[in-house]
Every structure is written in C-alpha cells, then in structure tokens.
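A short worksheet on the structure shown next.
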Amino acid sequence: MEQLAEKEIRASFVNCSKGEAGRINLPRSLPETPWDELDFLGWRDPGAPDRSYLVTGYQGVLTGITLRVPTGIRRSLTRTNICSFCATSHAGSGVALLTARKSGPAGRQGNSVGAYVCADLACSLYVRGRKKSQLIERYVENLTVEEQVERMVANVGLFLDRVHLQGEGEGY
Ligand SMILES: [Zn+2]
C-alpha cells in the first residue's frame with residue numbers, strides 16, 4: 001500500500017466519531033512502516049491493548065475501522081487458531097476475536113461484527129513470510145504468495161462489507 005500520513009489515517013475511520021479518531025494512538029513506528037509489504041495497516045493501540053485498528057483501501061476509499069477485544073464473551077469451544085483474513089495458524093493467543101462497531105446508524109445503535117484474526121494484525125507480513133507465527137510450520141498451501149495476498153485482501157473486504165452492512169450485529 002502507499003505510505004499514509006497521520007492526517008489521512010485519522011480521516012479514514014468510518015466507525016467512530018471524529019473526536020475519537022483524533023485521539024487514536026497511532027503506531028509508534030509509523031515512519032518505519034514497511035508500506036511496500038502491507039495490504040492494510042493494522043496495529044494494537046500502544047496505550048490500550050484491548051483496542052486495535054485497521055486501515056486499508058476499500059472500494060477505492062481509504063477506510064479505517066476501530067476494533068476491540070470484547071470483554072464478557074465466553075470463548076466458545078469451537079474457538080479457532082486460524083486467522084480468517086490470512087489463514088495463518090497461531091499458538092496460544094496469536095489469534096484473537098476482534099469486534100468492530102458497525103458504521104453509520106447501525107453502529108450508533110450498538111451493533112458490531114467480529115472476526116478471529118491475527119492478534120497483531122500483521123497478516124500481510126505472515127503471508128509474505130516476513131513474520132513467523134509461533135507454530136513451527138505454517139500450514140502449507142498450494143497457493144503462491146500473490147494468491148494468498150489476493151485472498152487476504154478479499155477477506156478483509158468481506159469484513160468491511162459486514163461493518164458497512166446496516167442492520168443488527170451477527171454472531172461471531
Ligand atoms: Zn492474519
């Protein structure tokens with residue numbers, strides 16, 4: 001993706017108020033971000049570990065969403081250790097359920113959607129082999145890196161479709 005300035009990032013958020021977007025803690029290492037190797041910018045809030053953010057191009061528009069690690073949701077027995085964006089398997093807490101408030105009126109009414117994804121949102125780097133999960137072997141796939149990137153971008157797009165879909169929240 002192309003390099004982003006702080007102002008563009010703050011202006012991109014679709015599921016929080018302008019005031020909230022102005023207070024978001026950006027990644028500390030923003031100047032050293034490897035933009036060439038990212039399809040989306042994702043980071044954990046350095047000051048609030050239960051918050052994460054994702055910024056990417058969506059339908060031609062730079063789109064940011066705020067994400068939370070929900071509290072009070074009992075982890076189900078079917079909890080997965082595979083990221084639903086990039087298909088990387090992780091040990092332990094490497095995959096987290098992150099929820100996003102929906103955009104627009106549905107979000108203001110408290111509706112949200114969720115997905116199990118790499119807790120550090122570094123999917124772009126896992127797919128390219130630039131970052132390794134704690135599991136020794138990445139699940140081997142008969143897909144090229146390009147194909148995996150394409151699939152990941154499509155999955156992130158589907159998640160953003162759900163964020164924008166007006167109506168009640170879905171199950172996680
Ligand atoms: Zn991932």
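The values are calculated or read from the model by the stated rules, or taken from the named source; none is laboratory data. Owing to the predicted nature of the structure, the values given are computational and were not obtained by experimental measurement. A quick note on method: Cβ atoms are made from the backbone with ideal geometry, for glycine too, and the neighbour counts reach across all protein chains shown.
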Give the stretch 117-134 a look and list any residue that's polar (S, T, N, Q) and within 8 Å of the ligand (Cβ to nearest atom), or say none. none
In the stretch 136-161, anything within 13 Å of the ligand (Cβ to nearest atom) and either part of a loop (DSSP other than H, G, I, E, B) or within 20 Å of Thr71 (Cα to Cα) (or both) is listed as Arg138, Tyr139
Every residue in the stretch 27-47 that is at pLDDT below 95 and among the hydrophobic types (A, V, I, L, M, F, W, C), please. Leu30
If Phe85 satisfies all but one of (1) within 12 Å of the chain's Cα centre (by Cα); (2) more than 22 Å from Gln109 (Cβ to Cβ); (3) more than 16 Å from the ligand (Cβ to nearest atom), what's the number of the condition it fails? (3)
Matching residues, the stretch 131-158, being touching a residue at least 40 places away in the same chain (Cβ under 8 Å) and exposed (fewer than 12 other Cβ atoms within 10 Å of the Cβ): Gln134, Tyr139, Glu141
Those residues of the stretch 95-115 which are free of Cβ contacts under 8 Å to residues at least 60 places away in the same chain and either surrounded by 18 or more Cβ atoms within 10 Å (Cβ to Cβ) or part of a loop (DSSP other than H, G, I, E, B) (or both), in sequence order: Val95, Ala96, Leu98, Gln109, Gly110, Asn111, Ser112, Val113, Gly114, Ala115
Name the residues in the stretch 45-55 that are of a type outside the set (Asp, Glu) and surrounded by fewer than 21 Cβ atoms within 10 Å (Cβ to Cβ), would you? Pro46, Gly47, Ala48, Pro49, Arg51
Leading residue by the ranking (modelled with the lowest pLDDT) among those in the stretch 48-75 that are part of a strand (DSSP E or B) and farther than 16 Å from Glu8 by Cα: Pro49
